[in-house]
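Novice: Submitted below is the structure of interest, expressed as structure tokens.
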Amino acid sequence: MAVRTRTKRAATRKSTTRTRSTRPATARRTTKTSRKRRAATAKRGPGGLGQKVQPDNILAPVVGAHPVARTLLVKKFWDYVKARGLQDKKDRRKINSDEKLRVLFGGKRQVSMFEVTRLLARHAH
């Protein structure tokens with residue numbers, strides 16, 4: 001029977017586990033970079049959906065006059081619609097307008113819920 005001996009390569013192989021002190025340098029650089037990005041974002045404020053917008057005088061009676069994030073603007077609009085029961089009973093995708101919403105909807109008596117964000121965007125700056 002042949003006896004297997006350890007090869008030189010296997011004997012000199014290092015352990016594959018890393019300790020905290022031997023973390024690669026790239027991990028440290030990434031952490032510093034992300035801190036800089038977070039600091040820059042904090043100075044500028046949120047963007048996109050989190051950005052605060054000012055409702056104009058047509059939208060203000062529905063959602064309020066104070067600047068709010070776009071997501072909250074849509075939420076407040078839906079709260080208004082549901083509180084007054086303005087969703088169509090047969091087709092829940094349609095929203096019936098009252099006096100305040102008729103001005104917002106450009107004189108339309110009824111709009112689809114898919115048009116709402118476009119209509120709100122026109123009145124929030």
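Throughout, read-outs are computed from the coordinates displayed, never taken from laboratory work. Fair warning: this is a prediction, and the values are worked out from it, not measured in the lab. Positions of Cβ are generated from backbone atoms using ideal geometry, with glycine treated the same way; all protein chains shown enter the neighbour counts.
Novice: Can you tell me the relative contact order of the stretch 50-122? Whole percent, Cα pairs under 8 Å, sequence separation 6 or more.
Specialist: 24
Novice: Taking the highest mean first, how do the peptides 114-125, 71-82 order by number of other beta carbon atoms within 10 angstrom per residue?
Specialist: Peptide ranking by packing, descending: 71-82, 114-125.
Novice: Using a 10 Å cut-off on Cβ atoms, rank the peptides 87-98, 57-68 from the highest mean neighbour count down.
Specialist: Ranking the peptides 87-98, 57-68 by packing returns 57-68, 87-98.
Novice: Zone of Ala83 (label point 7 Å along Cα→Cβ, backbone N under 16 Å): which residues in the stretch 100-125?
Specialist: 100-101
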